Amino acid sequence: MILSNEIKAQMRRVGITQEQLAAKLKINAATLNRKINDSEGKNLSVKEALEMADALNLPSAMISTIFFAKDLADTQENKA
């Protein structure tokens, strides 16, 4: 699961549209929309997540928080 609101906020911060981001990732804008919103079972690959993070100038510390939020939460719950 990804934090789509954080991705959208970062897109606004850097001034990039979803269409422009899709072009940088070399995928269709509708496909990117489905992947960001995780609809129809469309998931980002790790490669796409890293390319998106680069295109959006995300600090490396934020990458795992935004793109792997659920996995990290599950891990923390299991350790508690």
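GLU6 fulfils the conditions (1) acidic (Asp, Glu); (2) more than 17 Å from PHE68 (Cβ to Cβ); (3) touching a residue at least 60 places away in the same chain (Cβ under 8 Å) except for a single criterion, (2).
Of all residues in the stretch 2-11, how many are of a type outside the set (S, T, N, Q) and exposed (fewer than 15 other Cβ atoms within 10 Å of the Cβ)? Lay out the reasoning, then the answer.
Within the stretch 2-11, the first condition is being of a type outside the set (S, T, N, Q), and the residues that meet it are 2-3, 6-9, 11.
Retained after the next criterion (residues that are exposed (fewer than 15 other Cβ atoms within 10 Å of the Cβ)): 8-9.
Residues that pass the stated criteria total 2.
In the stretch 12-22, what residues are over 14 Å from ASP54 (Cβ atoms) and surrounded by 15 or more Cβ atoms within 10 Å (Cβ to Cβ)? Selection gives GLN18, ALA22.
Number of residues in the stretch 2-19 that are at negative phi and assigned to a loop (DSSP other than H, G, I, E, B) equals 4. For the stretch 23-52, a residue qualifies if it is modelled with pLDDT under 85, closer than 18 Å to GLU6 by Cα and open to solvent by 80 Å² or more (accessible area, probe 1.4 Å), and exactly one does: ASN43. Close Cβ contacts (under 9 Å, 6 or more residues apart or on different chains) running from residues in the stretch 20-43 that are assigned to a helix (DSSP H, G or I) to residues that are at pLDDT below 90 and among the β-branched types (Val, Ile, Thr) comprise LEU21/ILE36; LYS35/ILE2; ILE36/ILE2. Only one of the numbered conditions (1) open to solvent by 50 Å² or more (accessible area, probe 1.4 Å); (2) at pLDDT 85 or above; (3) closer than 19 Å to THR17 by Cα is violated by MET62, and that is (3). Note on the stretch 54-67: residues that are within 14 Å of ASN5 (Cα to Cα) and free of Cβ contacts under 8 Å to residues at least 24 places away in the same chain total 1.
The values are calculated or read from the model by the stated rules, or taken from the named source; none is laboratory data. Owing to the predicted nature of the structure, the values given are computational and were not obtained by experimental measurement. Glycine also receives a Cβ, built like all others from the backbone with ideal geometry; neighbour counts cover every protein chain displayed. We work out accessible area using only protein heavy atoms, side chains counted, and drop any ligands, DNA or RNA first. Shrake-Rupley method; radii C 1.70, N 1.55, O 1.52, S 1.80 Å.
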